[in-house]
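Okay, structure first, notes after.
The values are calculated or read from the model by the stated rules, or taken from the named source; none is laboratory data. Given the structure is predicted, the values throughout are model-derived calculations rather than measurements. Positions of Cβ are generated from backbone atoms using ideal geometry, with glycine treated the same way; all protein chains shown enter the neighbour counts. Note: areas computed on protein heavy atoms with side chains; ligands, DNA, RNA excluded. Shrake-Rupley method; radii C 1.70, N 1.55, O 1.52, S 1.80 Å.
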Amino acid sequence: MTDAGRNPDDLDALRAASDILGIDALLTADERGVRDRVRALVDAEIRPHIADWFDRGHFPVELAPSLGRLGVLGMTLDGYGCPGRTAVEYGLAALELEAGDSGIRTFVSVQGSLAMGSIHRWGSDEQKSEWLPRLAAGEAIAGFALTEPTAGSDPSSMKTHARRDGSDWILDGAKRWIGLASVAQLVVVWAQTDDGVRGFLVTTGTPGFEVSVLEPKGSMRASVQTELHFDGVRLPASALLPEARGLRGPFSALNEARYGIVWGALGAARDSYEAALRHALRREQFGRPIAGFQLTQRKLVDMVVELQKGALLALHIGRAKDAGTLTPTQISLGKLNNVREAIAIAREARTILGGDGVLLENSPIRHAANLESVRTYEGTDEVHTLILGQHLTGLDAFR
């Protein structure tokens, strides 16, 4: 191996070599089984098509039933047809999905953590029975509408409003950067009311509800983001999520999605590193593979150091979540670190690929572009920095 170098086609050996700390051995057999099943689906159904989907700006809605059969939609939820898996198992699934593409992992997050999580935690038995089995199976798609054109990092300033009209509700306002709404049958919408912020289940065919797709985009192109407009949308009393009151409702779902990102970003970073390593072992300049040069090796080593640290961080956070001890501050630390380092890894991997690095047949440029969106949604770097700063100092620097 020292003389000839590692075989770039032996991906299992390359992955074993990069697991310097033996993190794989810290996983249970069930956890590895979930990881391997998701990895197999990504290899079979996503990798062969993702460059084309990204290039065309196509979201593969046809994948939803396959993801439902795989058991990754609402993965940690119990009952109502939901898989009931552990937080670590979901994290490993998120990692493998984002190794395929951030847009696919985002679909699983919006559907499972944001929309299904809100219904599961705050909905009535009737709402859960009607929607959760279909959403878990990928037979229906749901969005989650919190962000507005003028209310992103400060959701308390939302202007979307719902007022009572007899037993009904009348919904007016707008939401922006809402995933899936153009292909969804249902959207969980958060609105101000005379009783504070409340959540509503809005079917997408309701009169007065309009959806426009936000495009063209330079990031998350194999995904779909939309802007929503509500003009006198009449909703029955049964549309209200009865147990959700105040911003605690949407924030609980956001923390679930942020947790998935802690793991998911590692998938984009790992895939970028592996693309760079395999290229470096194949590409020869000055009579030898570029993997044999000191500057290239330093880049690869720096990537693996951060990947290993990020994996330990994600696993620690996942174990804490399964134990019921995880805090929102810990999630903020994980999201801030792992996304920030994943972007750096994807960009550095692109440099090893040289000119070929700008071709979509090579994943780092796509991952780097996608991660700019991941860095922004579910709390920007700045928001998570201030959450951590408030924790350290006891002083709120948001205003």
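When you scan the stretch 143-161, do you find a residue that is assigned to a helix (DSSP H, G or I) and over 17 Å from Gln192 (Cβ atoms), even just one?
No: the stretch 143-161 contains no residue that is assigned to a helix (DSSP H, G or I) and over 17 Å from Gln192 (Cβ atoms).
Quick one: which residue in Gly68, Gly103, Gly33, Gly123 is closer than 25 Å to Ala275 by Cα and touching a residue at least 40 places away in the same chain (Cβ under 8 Å)?
Selected residue: Gly103, the only one of Gly68, Gly103, Gly33, Gly123 that is closer than 25 Å to Ala275 by Cα and touching a residue at least 40 places away in the same chain (Cβ under 8 Å).
Taking the condition within 20 Å of the chain's Cα centre (by Cα), among the acidic types (Asp, Glu) and at pLDDT below 95, does Glu372 pass?
So Glu372 does not fit the description; no.
Mind listing whichever residues of the stretch 328-386 are on the phi < 0 side of the Ramachandran plot and not in a helix (DSSP H, G or I)?
Correct list: Leu353, Leu359, Leu360, Glu361, Asn362, Ser363, Tyr377, Thr380.
Given (1) in a loop (DSSP other than H, G, I, E, B); (2) within 29 Å of Arg56 (Cβ to Cβ); (3) in contact with a strand residue (DSSP E or B) (Cβ under 9 Å, 6 or more places away or on another chain); (4) open to solvent by less than 40 Å² (accessible area, probe 1.4 Å), identify the lone condition not met by Gly138.
All conditions are met except number (3).
If Gly117 meets every condition in (1) in a helix (DSSP H, G or I); (2) open to solvent by 60 Å² or more (accessible area, probe 1.4 Å); (3) touching an Asp or Glu at 6+ places or on another chain (Cβ under 9 Å) apart from one, which number is that one?
The failed condition is (2).
Which one of these is surrounded by fewer than 17 Cβ atoms within 10 Å (Cβ to Cβ), of a type in the set (Gly, Ala, Ser) and touching a helix residue (DSSP H, G or I) at 6+ places or on another chain (Cβ under 7 Å): Ala342, Ala397, Ala311?
One residue alone meets the criteria, Ala397.
Any chance you could count how many residues in the stretch 212-250 are within 29 Å of Ala368 (Cβ to Cβ) and either of a type in the set (Phe, Trp, Tyr) or without any contact (Cβ under 8 Å) to a residue 60 or more places away in the chain (or both)?
Total satisfying the criteria: 4.
A quick yes/no check of all residues on (1) surrounded by fewer than 23 Cβ atoms within 10 Å (Cβ to Cβ); (2) free of Cβ contacts under 8 Å to residues at least 24 places away in the same chain; (3) farther than 25 Å from Asp381 by Cα; (4) not β-branched (Val, Ile, Thr):
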| residue | (1), (2), (3), (4) |
| --- | --- |
| Leu146 | no, no, no, yes |
| Ser157 | yes, yes, no, yes |
| Gln192 | yes, no, yes, yes |
| Asp195 | yes, no, yes, yes |
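Quick one: count up the residues across the stretch 77-114 that are buried (at least 24 other Cβ atoms within 10 Å of the Cβ) and of a type outside the set (A, V, I, L, M).
16
Could you grab the pairs with beta carbons closer than 9 Å, sequence gap of 6+ or different chains, first residue in the stretch 337-352 and under 18 Å from Thr376 (Cβ atoms), second one modelled with pLDDT of 95 or more and not in a helix (DSSP H, G or I)?
Close Cβ pairs (under 9 Å, with a partner that is modelled with pLDDT of 95 or more and not in a helix (DSSP H, G or I)) amount to Ala346/Ser363.
Taking the conditions exactly as written (free of Cβ contacts under 8 Å to residues at least 12 places away in the same chain, surrounded by fewer than 20 Cβ atoms within 10 Å (Cβ to Cβ) and under 24 Å from Ser373 (Cβ atoms)), does Leu333 satisfy them or not?
For Leu333, the condition - free of Cβ contacts under 8 Å to residues at least 12 places away in the same chain, surrounded by fewer than 20 Cβ atoms within 10 Å (Cβ to Cβ) and under 24 Å from Ser373 (Cβ atoms) - is not met.
Looking only at the stretch 282-292, decide whether some residue is among the aliphatic types (A, V, I, L, M) and surrounded by 24 or more Cβ atoms within 10 Å (Cβ to Cβ).
No: the stretch 282-292 contains no residue that is among the aliphatic types (A, V, I, L, M) and surrounded by 24 or more Cβ atoms within 10 Å (Cβ to Cβ).
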